[in-house]
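The values are calculated or read from the model by the stated rules, or taken from the named source; none is laboratory data. No experiment lies behind these values; they were computed from the predicted model shown. Methodologically, a virtual Cβ is constructed for each residue, glycine included, from the backbone with ideal geometry; neighbour enumeration extends over all protein chains shown. Just so you know, the surface numbers come from the protein's heavy atoms only, side chains and all, with ligands and any DNA or RNA stripped out. Shrake-Rupley method; radii C 1.70, N 1.55, O 1.52, S 1.80 Å.
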Amino acid sequence: MKKYFQLIRYQNLLLLALMQLVVRYGFLKLQAVFLALNSWQYGLLVLATLLLAAAGYVINDIFDQEADALNHPHKQLIGSQISEGQAYNLYVVLNCVGVGIGFYLSNVIERPGFVALFILVAALLYFYATTLKQILFIGTLVVAALLAFSILIIGFFDIFPATYDGNQQVMSNLFSILVDYAVFAFLLSLYRELTKDLEDLEGDQIQGKQTLPIVLGLKRATQVTFVFSLLPLCILVYYINHYFIAFDLYPTAIYALVGLVGPLLYCSIKLFSAKQKSDFTHLSLVLKWVTLVGILSLAVVSYNIYFLHA
């Protein structure tokens, strides 16, 4: 059983589940608004998201066997512990159950057409594994966009169906905050994917991928990643100044400065001297930590506002 949990990247799935639970119970439930889904229905939404993400990891590993044998030989499961046929069967089951739950939830909120969102995610993950990741920068954008979408889908299923004329402004403000959160998640994920491309250069060359390090060379791609790293850093500093400090949310500002700005600044500095695979592996792990801190930040903001006005 352990090998299947490793195949679906259960650590990443736990982070994804935590993010969606924090959005619901650390943010939305603290607002004085009615939400479309009850708790167990929201649990199904989280489960459907996790199942589709897990299916994406499986199909990606199926098509990445050659590259993984070089990039991550100690983590390779398909071909050594799990047969390709078993992996395909698992992929089909995960997708069918995930889309099936999406179909049920779409009918619960009386928006049956919303099942197309789940089908689109499943299709994108398949085309990413088979085609899109071979195209320069497109595959990286798709992965980052799908993470952002896992936040926005909460708005589609929990906020949008519960919106009417009397609460439209409040719901619009909540959805706007989710969009800000999703944009930052997108940029952070894109940053980490660029770093992972630097880390996996050797294996990606064998597989024929068109990543930035392969097209530009390791040194120039590192420089491009450094320039990009300044974007989420600058946006975060702006957000802290104009929203946290300006509204006296000092605990949140300190949390963001220590837990997000500090590590992001550290990563930008380390990119100057990063040359070895181990350097980029370290940076990828730091960015994963930043992702966890960023997930919890929405709850920190909500509770800071709650106690400020208590």
All but one of (1) open to solvent by 10 Å² or more (accessible area, probe 1.4 Å); (2) modelled with pLDDT of 95 or more hold for Phe34; which doesn't?
(2)
Inspect the stretch 163-181 for any residue being in a helix (DSSP H, G or I), of a type in the set (Gly, Ala, Ser) and surrounded by 15 or more Cβ atoms within 10 Å (Cβ to Cβ) and give the result as yes or no.
no
Can you name the condition, by its number, that Gly166 falls short on among (1) without any contact (Cβ under 8 Å) to a residue 40 or more places away in the chain; (2) touching a helix residue (DSSP H, G or I) at 6+ places or on another chain (Cβ under 7 Å)?
(2)
Among the residues of the stretch 125-144, is there at least one that is farther than 30 Å from Gln205 by Cα, β-branched (Val, Ile, Thr) and in a helix (DSSP H, G or I)?
no
Criterion: open to solvent by 70 Å² or more (accessible area, probe 1.4 Å), under 30 Å from Asp61 (Cβ atoms) and either without any contact (Cβ under 8 Å) to a residue 60 or more places away in the chain or touching a Lys or Arg at 6+ places or on another chain (Cβ under 6 Å) (or both) - qualifying residue of Gln205, Gln223, Gln210
Gln205
Which numbered condition in (1) more than 17 Å from Trp40 (Cα to Cα); (2) more than 21 Å from the chain's Cα centre (by Cα); (3) in contact (Cβ under 8 Å) with a residue 12 or more places away in the chain is the only one that Phe103 fails?
(1)
Given (1) surrounded by 18 or more Cβ atoms within 10 Å (Cβ to Cβ); (2) in contact (Cβ under 8 Å) with a residue 40 or more places away in the chain; (3) closer than 18 Å to Phe103 by Cα, where does Phe160 come up short, assuming only one miss?
(1)
How about the stretch 33-55: which of its residues are of a type in the set (Ser, Thr, Tyr) and within 17 Å of Leu16 (Cα to Cα)?
Tyr42, Thr49
Please find, within the stretch 140-157, the residue that is most open to solvent (accessible area, probe 1.4 Å) out of those that are among the small types (Gly, Ala, Ser) and under 12 Å from Ser189 (Cα atoms).
Ala145
Residues in the stretch 9-22: is at least one open to solvent by 70 Å² or more (accessible area, probe 1.4 Å), of a type in the set (S, T, N, Q), assigned to a helix (DSSP H, G or I) and modelled with pLDDT of 85 or more?
yes
